[in-house]
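Below is one structure, written out as structure tokens; the observations come after it.
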Amino acid sequence: MAENKVNWNTVLVVLIIGVVGVLLLNNSGVLTGNTSLSCYDSDYVSGGSREGDIYVKGYVNPRGANLSYYDSCVLGTSRMQVQRCIGTSCFIAEKYCLSGSATTASTFYGTCARGCDSGKCVR
């Protein structure tokens, strides 16, 4: 009787491909984020501003970082993080991948016409 042998190299490759696919694909199966520099920006907008979509709470994960940097709402020049705000001292702190760097995230501070709530501008 022939013995069935498992090719563990093939199993490992299939497992790695599956994990990478889950990390890079959203629920609709479309590649999301700016992965061109190995710095991942979850709300990156192709052809849009470098900062991403201010109406989506996103995050940035630079290559080699063990943590993510999340978009947030901040107040005034102190940039104190708050859950929500509105008015002239209310800003969105939009994280993005610094152009030309795979390991550096930066922050764009912008205004939200209708206020900021939970790290995204109110539509």
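For this structure, a couple of remarks:
- Computed extension length for L98-S118: 4.9 nm, one decimal, from 0.36 nm per residue of separation with the Cα-Cα distance subtracted.
- Square roots of five times the Cα gyration tensor eigenvalues for the range 33-121, Å: 23, 13, 10
- Taking 7 Å steps out from each Cα toward its Cβ at L67 and T88 produces label points 3.4 nm apart.
- Every Cα-Cα pair of the range 69-123 was included, and the share exceeding 12 Å stands at 59 percent.
- Cα-projected label distance for V56 with Y109, points at 7 Å along beta-carbon direction, nm: 2.6 nm
Laboratory data are not the source of any read-out in this text; all were calculated from the coordinates shown. Remember, predicted model here, so these are calculated numbers, not experimental data. No Cβ is skipped: glycine too gets one built from the backbone with ideal geometry, and neighbour counts run over all protein chains shown.
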